[in-house]
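*Asks:* Sharing a structure, written as structure tokens. Questions coming.
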Amino acid sequence: MVKLFKLTLVLGTLLSLASCASSTLYPMGNDTYRIVSLSSAESYADKESMEKAQKVCIEQGKRVEVIKSNTEYQGMDKNIKGTIGMISAFIPEKNQHTSNGSGSNDYKNTTEFRCVL
């Protein structure tokens with residue numbers, strides 16, 4: 001029962017970390033922009049880029065036209081990361097000084113877009 005609780009706790013922590021994303025907007029001229037978003041989950045990096053692009057264009061009374069978008073995994077080897085996460089679930093909390101292997105910048109999405117009428 002304790003192991004199940006710890007596993008649930010670790011999975012909950014991973015999910016909450018996955019929802020975090022950060023992004024930076026780079027104006028390129030002629031209503032064209034590049035956004036770079038980082039997150040521990042691919043879907044959140046992608047979502048962050050699109051939400052920020054929409055916000056930029058809506059503020060101008062325009063809509064988003066994506067020129068190109070690419071997401072790359074740049075974190076630790078996924079097999080090693082999974083193993084670390086599984087092992088950390090069974091380490092007693094008082095002795096746990098390890099990471100679960102997730103990083104807030106495991107995935108990098110780069111999206112180029114323009115704002116059009």
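*Asks:* For residues that are in contact with a helix residue (DSSP H, G or I) (Cβ under 8 Å, 6 or more places away or on another chain) and hydroxyl-bearing (S, T, Y), scanning just region 29-42, find the one that is modelled with the lowest pLDDT.
*Replies:* Among those residues, the one meeting the criterion is S40.
*Asks:* Suppose we keep only residues that are closer than 12 Å to T111 by Cα and among the aliphatic types (A, V, I, L, M) within region 40-66. Which one would you say is nearest to the chain's Cα centre (by Cα)?
*Replies:* Once the filter is applied, the top-ranked residue is A45.
*Asks:* What number of residues in region 62-83 are touching a helix residue (DSSP H, G or I) at 6+ places or on another chain (Cβ under 6 Å) and under 14 Å from S37 (Cβ atoms)?
*Replies:* 1
*Asks:* Got a sec? Which of S49, S19 is modelled with pLDDT under 90 and touching a strand residue (DSSP E or B) at 6+ places or on another chain (Cβ under 9 Å)?
*Replies:* S19
*Asks:* List every residue pair whose Cβ atoms lie under 6 Å apart, where the two residues are 6 or more positions apart in sequence or sit on different chains, the first residue falls within region 67-94 and is within 23 Å of N109 (Cβ to Cβ) and assigned to a helix (DSSP H, G or I), and the second residue, located anywhere, is among the small types (G, A, S) and modelled with pLDDT under 75.
*Replies:* K81/G101; G85/G101
*Asks:* Give just the number: which of (1) under 18 Å from the mean Cα position of the chain (by Cα); (2) modelled with pLDDT of 75 or more does G85 not satisfy?
*Replies:* Result: G85 passes all but (2).
*Asks:* Inside region 28-61, can you point out the residues that are surrounded by fewer than 16 Cβ atoms within 10 Å (Cβ to Cβ), closer than 11 Å to C115 by Cβ and not β-branched (V, I, T)?
*Replies:* N30, Q54, K55, E59, Q60, G61, listed by residue number.
The values are calculated or read from the model by the stated rules, or taken from the named source; none is laboratory data. Predicted model, so just to flag it, every value in this text is computed and none were measured. In this analysis, Cβ positions are derived from the backbone assuming ideal geometry, glycine residues included, and neighbour counts consider all displayed protein chains.
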